[in-house]
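The structure under discussion appears below in the form of C-alpha cells.
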C-alpha cells in the first residue's frame, strides 16, 4: 500500500510517498507563499525520484491544519483532486499532530505551537502513550498570553515545538519556564507514517468528507466583518 502525503499548512511545501517500508521519497522546500506554483512539480519530482507512477498510489493523506489559510487550501485542493482522479480514499491529519509525533519519546507534555500571524498562535497539548502521542487538549487559537495561561494552569514539564514557539520564545519563557524545541515544522514524512498506521485499519474517508481545521475565519472574512462594523 503506497501513500502520497501532502503538507502545505505552513510556509513549507512538503510531499512524500511511503508505505510499510517507511518513507520512499520526500521533497521539502520553504519558499514563502508560493505553494500553488510548487506543489505540482513537487509531486512529480517525488514520483520520478521514487520510481513510482501516481496510479500506484492507494491512499492520499493531507495536512488539514490548522495553519496558513492559503497554503492549506492549495494542499487540500491538490490532494482532493488527485484522490478523485485515482478513485482512492483520503486520510486527514492535523498539523499539530505532525509536530507532536516526532517528540513521542519525551516524558514532558508536548505543546506544538504554530504561528497564526496577527500576534496569535495555534496550539494544543499531547502526552506520551505507547507507540506515539495522545492529544489532551483541543486545538485552539489565541494570543501568546492565553497559551502561557494554559501552561501555568497545567503546571507540568513542557516541551514547546514549532515556528510559533520559536517566534514567541521570549514571551513564552517570560511567563512559564519550559523547554523550547528546535526549528520543527510539519512534514509529509510524519504525515505518511501516521497515515499508514490508520490505512492498515482502513480508517479513511472519501475525498468529499475531508474537512479543514481553520479555528479562525479567513482574513478576507475578518476584514469584511470589520468594515461592516465600522459602517
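The values are calculated or read from the model by the stated rules, or taken from the named source; none is laboratory data. Note that the structure is a prediction, hence the values are computed from the model and not measured. With ideal geometry, Cβ positions are generated from the backbone for all residues, glycine too; neighbour counts draw on all protein chains shown.
Going through segment 2-36 one residue at a time, which ones are over 15 Å from the mean Cα position of the chain (by Cα), under 24 Å from residue 197 (Cβ atoms) and outside any strand (DSSP E or B)?
Of everything in segment 2-36, those that are over 15 Å from the mean Cα position of the chain (by Cα), under 24 Å from residue 197 (Cβ atoms) and outside any strand (DSSP E or B) turn out to be 2, 20, 21.
Does residue 198 qualify as being outside the structural domain of residue 20 (by TED's automatic domain parsing), within 17 Å of the chain's Cα centre (by Cα) and closer than 25 Å to residue 75 by Cα?
Here the answer is no, as residue 198 does not meet what is asked.
Let's see how each residue does on (1) touching a residue at least 24 places away in the same chain (Cβ under 8 Å); (2) at positive phi; (3) touching a helix residue (DSSP H, G or I) at 6+ places or on another chain (Cβ under 7 Å); (4) surrounded by fewer than 20 Cβ atoms within 10 Å (Cβ to Cβ):
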{"residue": "78", "(1), (2), (3), (4)": "yes, no, yes, no"}
{"residue": "85", "(1), (2), (3), (4)": "no, no, no, yes"}
{"residue": "91", "(1), (2), (3), (4)": "yes, no, yes, no"}
{"residue": "98", "(1), (2), (3), (4)": "yes, no, yes, no"}
{"residue": "101", "(1), (2), (3), (4)": "yes, no, yes, no"}
{"residue": "104", "(1), (2), (3), (4)": "yes, no, no, yes"}
{"residue": "107", "(1), (2), (3), (4)": "yes, no, no, yes"}
{"residue": "118", "(1), (2), (3), (4)": "no, yes, no, yes"}
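How many residues, within segment 37-78, are more than 13 Å from residue 17 (Cβ to Cβ) and part of a helix (DSSP H, G or I)? Walk me through it before giving the result.
From segment 37-78, those more than 13 Å from residue 17 (Cβ to Cβ) are 37-41, 62-78; that's our starting set.
When the remaining residues are screened for being part of a helix (DSSP H, G or I), the result is 37-41, 69-78.
Number of matching residues: 15.
Condition check ((1) in contact with a strand residue (DSSP E or B) (Cβ under 7 Å, 6 or more places away or on another chain); (2) more than 23 Å from residue 140 (Cα to Cα); (3) at pLDDT 95 or above; (4) outside the structural domain of residue 195 (by TED's automatic domain parsing)) across all residues:
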residue: 7; (1), (2), (3), (4): yes, no, yes, no
residue: 10; (1), (2), (3), (4): yes, no, no, no
residue: 20; (1), (2), (3), (4): no, yes, no, no
residue: 29; (1), (2), (3), (4): yes, yes, no, no
residue: 38; (1), (2), (3), (4): yes, yes, no, no
residue: 54; (1), (2), (3), (4): no, yes, yes, no
residue: 59; (1), (2), (3), (4): yes, yes, yes, no
residue: 82; (1), (2), (3), (4): yes, yes, yes, no
residue: 86; (1), (2), (3), (4): no, yes, yes, no
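Within segment 166-188, how many residues are within 15 Å of the chain's Cα centre (by Cα) and either free of Cβ contacts under 8 Å to residues at least 12 places away in the same chain or surrounded by 19 or more Cβ atoms within 10 Å (Cβ to Cβ) (or both)?
Going through segment 166-188 one residue at a time, the tally reaches 5.
Of the numbered conditions (1) crowded, with 20+ Cβ neighbours inside 10 Å; (2) under 16 Å from the mean Cα position of the chain (by Cα); (3) more than 22 Å from residue 22 (Cβ to Cβ); (4) touching a residue at least 60 places away in the same chain (Cβ under 8 Å), residue 211 fails exactly one; give the number of that condition.
That leaves (1) as the condition not met.
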